[in-house]
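Following: one structure in structure tokens, then a few remarks.
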Amino acid sequence: MENREEVKSIIRYLPVFLRSSNIFWPPPVVEALKSLSGGPNCSNVDSGELLFLAISDMRNSLSLSADPLSPSAPHGISLFFDDLMSRAEATKWFGDVVPELAKLVLRLPALLESHYVNAQQGTALRLLESQEPGIVLLSQELVGALLACSLLCLFPVAIRGAKRLPTINFDQLFAGMNSFTNFCFFRSLYDSYDEKQENKIKCIVHYFERISSHMPRGNISFMRKVLPLQQSSFAISYPMPGLWKKSTVSLCPFQVYSSGLIEDQTEEALEVDFANKYIGGGVLHKGCLQEEIRFVINPELILGMLFLPAMAKNEAIEIVGAERFSNYTGYASSFRFSGNYMDKRDVDMSGRRKTRITAIDAKSNPGYRQYKVEYIMREINKAYCGFIDQSYIQDIRPPRDNKILSIDKLNKDFERKGDQCMGQHDSIGIATGNWGCGAFGGDPELKTIIQWLAASQASRPFISYYTFGIDKLQSLDQVTRWIMSQKWTVGDLWNMLIEYSSQKLQRETKVGFCSWLLPSLHAHDPMDLY
């Protein structure tokens, strides 16, 4: 076991130990977990205050003094479990849920050993390093055990920064931004009461209640997708402007929804996570926007934070199979947990729910720079990486004379590879919305067209776009319908977008892309679009 490269890459980031091919807990941790598994009559743990003391004892047994918890952590845990929970809920939590979670954590070494014995080649749990495409396939039971360790704050964290990994314990903030390093998940609840934060925790607690009463038996895959930066004459790599400009790929159908949510769409689609470069964003801190909400209603997504370092500009992360456990209402400060959700999505041949999520991070606060070609290139290639089937980002046979091929030849390979993707996911479109807008400051119309281009080039059969009712996209449906009627290619729309962006950058126009395009619609189409 200790000679396996996958194990060697991840073991120092796990709370368990490895010796002589065996994964194990130290004896004091075993005793503590056995005590917790016996319920309050055995462990005396029947409050948040006592739960924190039990956590502290286990952490001391794991020699985690180099990873101190926030001084506010005990107060935050007490506030939630002793004050915000009803007495009946707390009795169930400490009497039923905590013992079952302790049993699950106690079994973690056995679950890990079984995982490594049975994992198919190339799918075992490991650190998925930046610029190294790969996939990790985990059972929901193993994910649950590891997340229970996060709840108990058992992971070592001091070593994670060097690998650009966020912290994973639930007392710590998600280390996406270095300036936030003195805050923590529970501390934010204690220092200034925040109702949305309470409701985020309710979602996660509900997840643990569910798996403690009925453990799901499916699988979840986490994949790092990479578009090689090195240009190659015989592979799809990070596209250059000439490839987009000359693309003759047809635009895919575009469906506009002024209401509804990405996660509620009924067609089989790749659902876009408006991600931070550190996946999960502020889910373990005060963040409560699109990504953080998705991660608390599908808490298994949080596990990716354990082994997925920050994304580079040419990378995306695709997660398949994460189950949804919670309903909710609201957004940001109005977010509220609204009860149990039963996920009825079908299961694929790998035992994964057919919930496909692609995490792509947009540039933050780009201002007028977002209209520069290099910024548009960064965003469209990021979206393209998230949307394309990773199995087609691979070498094709090089020419015998090893000569560098022309842009035209590269473009044909680019398009041919895209065409090949269609046969693999000809029914799986893209479900997205205002990616990189809102708090990130992106132009909604610009980002809409960028995603449409990327989805089309990736040979996705459709894009379902949720506008969330914002005013700037009121004319999106009529504009996209007109564009489709003109049978424009990716290259045609790209060139129009670049022309608009140039005018925007030079302050020659103040209107959005749709309004800018509408006059030309009147010139070419007698139909009254208003």
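The values are calculated or read from the model by the stated rules, or taken from the named source; none is laboratory data. Every value quoted in this text rests on a predicted model; they were computed, and no experiment measured them. Here Cβ is always computed from backbone atoms with ideal geometry, including for glycine, and neighbour counts include all displayed protein chains. The protein model used for the area step is the full one, side chains on, heavy atoms only, and it has no ligands, DNA or RNA in it. Shrake-Rupley method; radii C 1.70, N 1.55, O 1.52, S 1.80 Å.
Does any residue of the stretch 305-316 turn out to be in a strand (DSSP E or B), open to solvent by less than 10 Å² (accessible area, probe 1.4 Å) and touching a residue at least 12 places away in the same chain (Cβ under 8 Å)? Yes; the residues of the stretch 305-316 include at least one that is in a strand (DSSP E or B), open to solvent by less than 10 Å² (accessible area, probe 1.4 Å) and touching a residue at least 12 places away in the same chain (Cβ under 8 Å). The numbered conditions (1) modelled with pLDDT of 95 or more; (2) open to solvent by less than 10 Å² (accessible area, probe 1.4 Å) are all true for residue 336 except (2).
When you scan the stretch 439-467, how many residues do you find that are within 25 Å of residue 282 (Cα to Cα) and assigned to a helix (DSSP H, G or I)? If you could, list the steps in order and put the result at the bottom.
Initially, the stretch 439-467 is screened for residues within 25 Å of residue 282 (Cα to Cα), giving 439-444, 447-448, 451, 465-467.
Now drop any that are not assigned to a helix (DSSP H, G or I), which leaves 439-440, 444, 447-448, 451.
Residues flagged as within 25 Å of residue 282 (Cα to Cα) and assigned to a helix (DSSP H, G or I) within the stretch 439-467 amount to 6.
Return yes or no: is residue 277 of a type outside the set (A, V, I, L, M, F, W, C) and either part of a helix (DSSP H, G or I) or over 13 Å from the mean Cα position of the chain (by Cα) (or both)? So residue 277 fails the test. Within the stretch 13-38, residues that are over 21 Å from residue 160 (Cα atoms) sit with their Cβ atoms under 7 Å from residues that are at pLDDT below 95 and surrounded by fewer than 16 Cβ atoms within 10 Å (Cβ to Cβ), at 6+ positions apart or across chains, in these pairs: 21/2. Listed here are the helices (runs of 4 or more DSSP H) enclosed by the stretch 1-102 that have at least 1 residues being among the β-branched types (Val, Ile, Thr) and closer than 22 Å to residue 204 by Cβ: 48-61, 73-78, 87-92.
Please determine, by comparing only the residues of the stretch 19-39 that are modelled with pLDDT of 95 or more and open to solvent by 50 Å² or more (accessible area, probe 1.4 Å), which one is nearest to the chain's Cα centre (by Cα).
Taking the stretch 19-39 first, the residues modelled with pLDDT of 95 or more are 23-39.
Right, trim to open to solvent by 50 Å² or more (accessible area, probe 1.4 Å) and you get 24, 27-28, 31, 34.
Values: 24: 30, 27: 36, 28: 35, 31: 36, 34: 34 Å.
Of everything passing the filter in the stretch 19-39, 24 is nearest to the chain's Cα centre (by Cα).
Out of the residues in the stretch 116-145 that are over 23 Å from the mean Cα position of the chain (by Cα) and part of a helix (DSSP H, G or I), which is nearest to residue 302 (Cα to Cα)? Per the stated criteria, the residue is 116.
Residues that are crowded, with 19+ Cβ neighbours inside 10 Å and of a type in the set (Ser, Thr, Tyr) were ranked within the stretch 40-71; the one that is nearest to the chain's Cα centre (by Cα) is 70.
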